[in-house]
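Here is the structure we will look at.
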Amino acid sequence: MAKDDTERIEREIQEARNRLAGTLDEIAMRADPHRLADNTKQAVVAKLNEPPVKYTLIGGGVLVVLLVLVKIFRR
């Protein structure tokens, strides 16, 4: 094997290692439980702050309170 071939192969191996390291770092970042929990929390809060969802939940809460009050005062 010529010296150029050896250097080319070593360079390709190093490039492959660098790509693999980058891929592993990205996988580790994506699979981080704290990051996943934070992203999920942000998505849920954003969804709950949408007017149709927010007002539906408020209406449901008011209905539950009214039903509890009716149940209490009917005795």
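Overview of values
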| quantity | calculated |
| --- | --- |
| P(r) histogram, all alpha-carbon pairs of region 1-42 included - 10 Å bins from 0, percent | 26, 26, 19, 15, 10, 3 |
| Helical contribution to [θ] at 222 nm, DSSP H n ≥ 4, -39,500 (n - 2.57), averaged over the chain, rounded to 500 | -31000 deg cm²/dmol |
| Whole-angstrom Cα spans of the chain along principal axes, big to small | 97, 24, 12 |
| Full-extension gain in nm, Asp4 to His34, via 0.36 nm per residue minus C-alpha separation | 6.1 nm |
| Three-way shape call for region 31-75 based on the alpha-carbon gyration tensor, with the a/c threshold at 1.5 | oblate |
| Degrees separating the helix 3-30 axis from the principal Cα axis of the chain, which is the longest one | 10 degrees |
| Residue among Ile58, Val70, Ile9 farthest towards the positive dipole end of the chain, charges placed on Cβ | Val70 |
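Values quoted throughout were computed directly from the atomic coordinates according to the rules given, and no laboratory measurement underlies them. It should be emphasised that the depicted structure is a prediction, and the values quoted were computed from it without experimental measurement. Glycine also receives a Cβ, built like all others from the backbone with ideal geometry; neighbour counts cover every protein chain displayed.
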